[in-house]
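To start, the structure itself, in structure tokens.
The values are calculated or read from the model by the stated rules, or taken from the named source; none is laboratory data. Computed from a prediction, not measured in an experiment: that's the story for all the values here. A quick note on method: Cβ atoms are made from the backbone with ideal geometry, for glycine too, and the neighbour counts reach across all protein chains shown. Protein only, heavy atoms only, side chains kept; ligands, DNA and RNA dropped before computing areas. Shrake-Rupley method; radii C 1.70, N 1.55, O 1.52, S 1.80 Å.
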Amino acid sequence: MQKEKEEAMKESKVSLLQLIRSPSYRQPLFVALMLHLSQQFSGVNAIFYYSTAIFTTAGVGQPVYATIGVGVINTILTMVSVLIVDKAGRRNLFLIGLTGMCLCAIMMTVGLVLLSTYSWMSYISMTAIFLFVSFFEIGPGPIPWFIVAELFSQGPRPAALALAGCCNWTSNFIIGMCFPYIEALCGSYVFIIFAVMLFGFTMFTYFRVPETKGKTFEEISSEFRRRRHAPPSGPKTATELELLERSTDA
């Protein structure tokens, strides 16, 4: 660990343009951006921003109190996630969260569609929303913000965090601005769109996202190289990835 720290201190800073162009960072950068996209396009901010209107549509008698309940669940489950993330693993919690959110989105849709036929479906919709937020805070909420730092070494890390943050907030803006129009177009089936995207993000996480818990940067880099089924080639920059490879060969 000390040797890895010393090598990291020697690493030169990588600019945003170098980060995008370098083949060595292409896979971890793609994974980092997809994790942030999955956080925003899960539909959770549609619930946070328009929760009162959604609860009203779902037939909840006191939507303001239900919205407060969403905030309370948000806070409690975030603390739970912090406590268990090092034991359960980042990838496992992320998969559990995405899968649970996908099922809850389907459950919400069923509740909204059948509300006019069965009045008790309002309870199904409200329960689905609470569970949706709970699953979000277990994995997709906090994990993308710190897993980026684990995927990159000291040199490219600032640029990677900046790009991931820009991607996250841009997606947040898109969801916040577009959701009312999408809801007006799709009606009670609006959350089916999020369910489909959540299923796609779940498949991506299962096949492409490595577990970073308890692993050094060298081990994570080796896993990305194995996923490419070929060793990296072409010109290299003096980054920690190459420095670690040289120290291993020595």
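Here is how the numbers come out for the structure above:
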| read-out | value |
| --- | --- |
| Hits in segment 120-159 - residues which are farther than 30 Å from residue 59 by Cβ, among the hydrophobic types (A, V, I, L, M, F, W, C) and surrounded by 21 or more Cβ atoms within 10 Å (Cβ to Cβ) | 143, 147, 148, 151, 152 |
| Yes/no for residue 103 being at pLDDT 85 or above, of a type outside the set (D, E, K, R) and over 23 Å from residue 179 (Cα atoms) | no |
| Flag if residue 51 is touching a Pro at 6+ places or on another chain (Cβ under 7 Å) and crowded, with 18+ Cβ neighbours inside 10 Å | no |
| Single residue of 105, 162 found to be buried (at least 19 other Cβ atoms within 10 Å of the Cβ) and part of a helix (DSSP H, G or I) | 105 |
| Per-region count, segment 41-78, residues over 18 Å from residue 90 (Cα atoms) and within 14 Å of the chain's Cα centre (by Cα) | 4 |
| Test: residue in segment 131-151 that is under 27 Å from residue 162 (Cβ atoms) and in contact with a Pro (Cβ under 8 Å, 6 or more places away or on another chain) | yes |
| Failed item, numbered, when residue 117 is tested on (1) in a helix (DSSP H, G or I); (2) open to solvent by 60 Å² or more (accessible area, probe 1.4 Å) | (1) |
| Residue in segment 81-91 that is acidic (Asp, Glu) and open to solvent by 50 Å² or more (accessible area, probe 1.4 Å) present | yes |
| Only listed residue being over 18 Å from residue 154 (Cβ atoms) and either more than 21 Å from the chain's Cα centre (by Cα) or assigned to a helix (DSSP H, G or I) (or both), chosen from 19, 29, 37 | 37 |
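Yes/no per residue for (1) modelled with pLDDT of 85 or more; (2) in a helix (DSSP H, G or I):
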residue	(1), (2)
59	no, no
67	no, yes
128	yes, yes
137	yes, yes
